[in-house]
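Since the structure comes first, as structure tokens, the remarks are kept for the end.
Bear in mind these aren't lab numbers, they're just calculated from the coordinates by the rules spelled out. Remember, predicted model here, so these are calculated numbers, not experimental data. When we count neighbours, we look across all protein chains shown, and the Cβ atoms used for this are built from the backbone with ideal geometry, even at glycine.
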Amino acid sequence: MASTETTETAEAKDSSGLGGLEAGLDALETSTTGRTPFRKTFVDKILPPIVAIAVILVVWQGLISLKIVDDPTKLPSPADVGAEFKDAWLKGDLLGYIWTSVSRGLLGFLFALAIGTPLGLVVARVKFIRAAIGPILSGLQSLPSVAWVPAAVIWLGLSNSAMYAVILLGAVPSIANGLVSGIDQVPPLFLRAGRTMGATGLNGARHIVLPAALPGYLAGLKQGWAFSWRSLMAAEIIAVSPDLGVGLGALLENGRTNSSMAMVFEAIILILFVGIAIDLLIFSPLERRVLRSRGLLVKS
């Protein structure tokens, strides 16, 4: 009897322990998937950049007001830069500057994505090709994008094709290397399990390799976009032509040519704004989604 009672007691404790564990897991899942209050989002994510921008503007204006820098040709005041923005907006040119560069950058990046993804997959999976062109891809990734601009202009002339060529040469190595790095980090167990279930060749790449390599691939995409954007700015600064329109790089060059530091600052701020906006609107949500799908993003 005592043995039976002891066994029943142990089973009751185990069941209650499992019930508590399940309740704890349910609570954890609820806490991680609940909607974050707007006040917390504002304090944690919106307020800090606003404060940072305010501090920069105060320091900037302080340098002017205290006569630490009293040459407007070297450091214009925030009001002068604001007037430059207002003038471009009233003329209807501001959105045109942004769209000219963003449309080129995104289209060039999509071309680079279409080329770099299969290239990285082949390099990662075929030993001979990896040994042959792997070091070349790494070397191209470290080559400054501006080095390709004179060659692209000579080959293709002052045209959009030259712009896209510079973007491709700057972004494709980063995207391919990012995918190679991601595939190298795929656990061999995943590959063996995929082969056991018949996922070989293209099916294995689609259903096993690429999903498992997604974090490294996404890092390569972010770096590839950074290279695309910097390559485009270098091309627009050097290859200036009325037929190409005025993008942000050309605006920056126009400011230098006209000795207008207000225009130079306008171009720099717009270039920075576009880079931040693309990251916040495209890459950050993708990164959060990938991390959340792997249980790596937990809300505090």
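From Cα coordinates alone, what are the radius of gyration and Dmax values for segment 77-293 in angstrom?
Considering segment 77-293 through its Cα atoms, Rg and Dmax are 20.2, 67 Å.
Taking the alpha-carbon set of segment 216-300, what are its Rg and Dmax in Å?
Over segment 216-300's Cα set, Rg and Dmax evaluate to 17.1, 53 Å.
Using a 7 Å offset from the Cα along the Cα-to-Cβ direction at both Leu291 and Ser161, what is the distance between the two label points in nm, to one decimal?
4.3
Answer rounded, prolate or oblate for segment 65-145, using the Cα gyration tensor with square roots of eigenvalues a ≥ b ≥ c: rounded when a/c is under 1.5, else prolate when a/b is larger than b/c, else oblate.
Details: a/c = 6.37, a/b = 2.27, b/c = 2.80.
Oblate shape, in that a/c is at least 1.5 and b/c is the bigger or equal ratio.
Where the Cα atoms of segment 86-201 are projected onto their three principal axes, how long is each span, largest first, in whole Å?
64, 31, 20
Using the 10 angstrom Cβ neighbour count as an exposure proxy, how do Ser241, Ser231, Ser77 rank, fewest first?
Starting with the residue having the fewest Cβ neighbours, the order is Ser241, Ser77, Ser231.
How high is the relative contact order of segment 73-178, given as a whole-number percent (alpha carbon pairs under 8 Å, six or more residues apart)?
RCO, segment 73-178: 35 percent.
For Phe265, what is the net charge nearby, where nearby means another residue's Cβ is under 10 Å from its Cβ and Lys, Arg count +1, Asp, Glu -1?
-3
Simple spin-label model, 7 Å along Cα-to-Cβ: Ala79 to Ile282 in nm?
It is 3.9 nm.
For Asp184 and Ile268, FRET efficiency with R0 = 41 Å and r from the beta-carbon atoms, rounded to 0.05?
Numbers: r = 37 Å, r/R0 = 0.91.
Step by step, r from the Cβ atoms, then E = 0.65.
Quote the FRET efficiency, to the nearest 0.05, computed for Leu47 versus Ile133 with a Förster distance R0 of 51 Å and r equal to the Cβ-Cβ distance.
About 0.60, to the nearest 0.05.
Dividing the convex hull volume of the alpha carbon atoms of segment 111-170 by its residue count, what do you get in Å³ per residue?
Per-residue hull volume (Cα only) is 77 Å³.
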